[in-house]
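Below is one structure; the comments refer to it alone.
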Amino acid sequence: MKPRNPWPAAYARLLLVLLALILIGWGTGQWLLVSLLAAVAALIWNFINLRRLEHWLRLTRKLDPPQSLGLWGEIFDGLHRMRMRARERDKQRRNLVRNYRDSIKAMPDATVVLRADYRIDWSNQAARDMLGLQWPRDEGQRISNIFRHPEFVTFLAQDSRETRSLSLPSPVDGRLWLEVRLVPYAKKRHLLLARDTTALRRLETMRSDFVANVSHELRTPLTVVYGVAETLEDGIGEHPELARSVQLLREQAERMKSLVEDLLLLSRLETGDGGRAGEWVDVPAMLASLVEEARLLSGDRHHQIELEAGSGLLLLGNERELRSAFANLVFNAVHYTPEGGQVQLRWFADATGGHFQVRDTGIGIEPQHIDRLTERFYRVDNGRSKSRGGTGLGLAIVKHVLMRHGAQLKIDSKPGRGSTFTCSFPPKILRQSLATRETVRA
């Protein structure tokens, strides 16, 4: 409801007072005295009401405003309405905050509100059970002083305003595994969320163990089948009508053998300790060897395969794993690039670290597929991929090898314009040897 305008009534009262003063002055003949008395009375009236207003705003907590007449009464009533609305808004905000905190307290996930310097502002009950935090006792403490896991400390030290996560054991109970997520919000504040992923991790371990065991058990019978197929192929002369069948048997046995080998490798990568072997790998020499293999793979398709690599730029890691990852990227580029196309390999370093890049002029990839390319058995086109003999595990192997070396994979691709795969390694695992720093080209 819109409050009424008090000024018309105030003007009317002022006119009546002036008219009364004129009549009194005219009747008594004391114009100056009457005016002076009227001014003093107005000052006293305004001073009394100002004192009431100040006292009400400063000292009293009563809701009822001071009683007055005229315009001052309207002012008191207006201020009273404003105060009531402000108190109602404060009450609503307090209820909202209370309901928000109650809902977060009831969440099964640990929730911690952090300041810009990662000091604790608030945490819920789950944070005490999973992270060992206690609120309000730990308010103002840096969370890294309480949760001191080295990976978590390094995780916090990363200067990023993007949401990021990691998995690590709970500091309260080492048997529990947590997925910790750091979400930036507001002005340099953060929300830390931790979820119990013990059951999911156990299921993933069971799945990996199952795949590894089955793959291991399949190796022997597949080797036998492959061997028998080769023997039959050698002695097929008396029965030429069986040649195609024996050839298919050998090809499928070979494909199954490759699939089993990739599954075993991927299982080792997933269940390994994640540590590097600690050997300095001569990447330019490795890539020169891969280029020769890629040219043999290209055969009569005559791809233009080029290599540019800084000589003596070494990488700390597991040579066997790195070779497997790089080979998958290079051979994929050859497989999916049309006859006569270009495949360019680069190994170089800059201020951000070392980079292995494979660029091709192949068929390209639709944008909706790029985020899923590193999933197991994910294929953009099943028929096209199978016709090239792939297992669907190559990029999954690449992803896990890079994770074990603290590296990242970036994919840029446009349909019909080729693809670029870039593996970026941190500077701390790079070294420039004393060898000549010439660029290796092949």
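For (1) open to solvent by less than 90 Å² (accessible area, probe 1.4 Å); (2) more than 25 Å from Gly73 (Cα to Cα); (3) touching a Ser or Thr at 6+ places or on another chain (Cβ under 8 Å); (4) of a type in the set (Ser, Thr, Tyr), each residue gets a yes or a no:
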position: Leu19; (1), (2), (3), (4): no, no, no, no
position: Thr28; (1), (2), (3), (4): yes, yes, no, yes
position: Val34; (1), (2), (3), (4): yes, yes, yes, no
position: Leu37; (1), (2), (3), (4): no, no, no, no
position: Val40; (1), (2), (3), (4): yes, no, no, no
position: Trp45; (1), (2), (3), (4): no, no, no, no
position: Asn49; (1), (2), (3), (4): yes, no, yes, no
position: Leu53; (1), (2), (3), (4): yes, no, no, no
position: Leu57; (1), (2), (3), (4): no, no, no, no
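Where helices (runs of 4 or more DSSP H) fall wholly inside region 1-114, the ranges with 2 or more residues that are modelled with pLDDT of 75 or more and charged (D, E, K, R) are 31-58, 70-105. Residues in region 404-422 that are loosely packed, with under 15 Cβ neighbours inside 10 Å and out of contact with any Ser or Thr (no Cβ under 7 Å at 6 or more places or on another chain): Lys414, Pro415, Gly416, Arg417. Output the qualifying pairs, or none if there are none: Cβ atoms under 8 angstrom, residues six or more apart or on different chains, first residue in region 139-166 and farther than 25 Å from Thr198 by Cβ, second residue part of a loop (DSSP other than H, G, I, E, B). Qualifying pairs under 8 Å: Arg142/Asp117; Arg142/Tyr118. Taken over region 178-200, the criterion of being at pLDDT 85 or above, more than 19 Å from Tyr118 (Cβ to Cβ) and open to solvent by 70 Å² or more (accessible area, probe 1.4 Å) is satisfied by Arg195, Asp196. Can you confirm whether region 195-207 contains a residue that is over 30 Å from Gly132 (Cα atoms) and free of Cβ contacts under 8 Å to residues at least 12 places away in the same chain? The answer is yes, given that some residue of region 195-207 is over 30 Å from Gly132 (Cα atoms) and free of Cβ contacts under 8 Å to residues at least 12 places away in the same chain. State which residue is surrounded by the fewest Cβ atoms within 10 Å (Cβ to Cβ) when the search covers only region 245-282 and only residues that are outside any helix (DSSP H, G or I) and of a type in the set (Asp, Glu). Only one residue fits best here, namely Asp273.
Tallying residues that are in contact (Cβ under 8 Å) with a residue 12 or more places away in the chain, assigned to a loop (DSSP other than H, G, I, E, B) and surrounded by fewer than 20 Cβ atoms within 10 Å (Cβ to Cβ) within region 121-135 yields 2.
Looking at Thr220, Thr205, which is the one that is part of a helix (DSSP H, G or I) and more than 23 Å from Lys399 (Cβ to Cβ)?
The conditions single out Thr220.
Has region 333-345 got at least one residue that is closer than 21 Å to Gln408 by Cβ, open to solvent by 40 Å² or more (accessible area, probe 1.4 Å) and either among the small types (Gly, Ala, Ser) or in contact with a Gly (Cβ under 6 Å, 6 or more places away or on another chain) (or both)? Looking through region 333-345, none of the residues is closer than 21 Å to Gln408 by Cβ, open to solvent by 40 Å² or more (accessible area, probe 1.4 Å) and either among the small types (Gly, Ala, Ser) or in contact with a Gly (Cβ under 6 Å, 6 or more places away or on another chain) (or both). Being under 19 Å from His190 (Cα atoms) and open to solvent by 20 Å² or more (accessible area, probe 1.4 Å) is true of Gln141. Here Leu249 fits the description: more than 18 Å from Cys423 (Cα to Cα) and without any contact (Cβ under 8 Å) to a residue 60 or more places away in the chain.
Only one residue in Arg320, Arg346 is within 16 Å of Trp280 (Cα to Cα) and free of Cβ contacts under 8 Å to residues at least 40 places away in the same chain, so which one is that? Of the residues listed, the single one that is within 16 Å of Trp280 (Cα to Cα) and free of Cβ contacts under 8 Å to residues at least 40 places away in the same chain is Arg320. Just to be sure before I move on: is Arg175 among the basic types (Lys, Arg), modelled with pLDDT of 80 or more, farther than 30 Å from Gln252 by Cβ and open to solvent by 80 Å² or more (accessible area, probe 1.4 Å) in the structure I sent? Taking the combined requirement at face value, the residue satisfies it. Scanning region 62-71 finds no residues that are surrounded by 10 or more Cβ atoms within 10 Å (Cβ to Cβ), within 53 Å of the chain's Cα centre (by Cα) and not small (Gly, Ala, Ser).
The values are calculated or read from the model by the stated rules, or taken from the named source; none is laboratory data. All values reported here derive from a predicted model rather than from experimental measurement. In this analysis, Cβ positions are derived from the backbone assuming ideal geometry, glycine residues included, and neighbour counts consider all displayed protein chains. The area values use the complete protein model at the heavy-atom level, side chains included, leaving out ligands, DNA and RNA. Shrake-Rupley method; radii C 1.70, N 1.55, O 1.52, S 1.80 Å.
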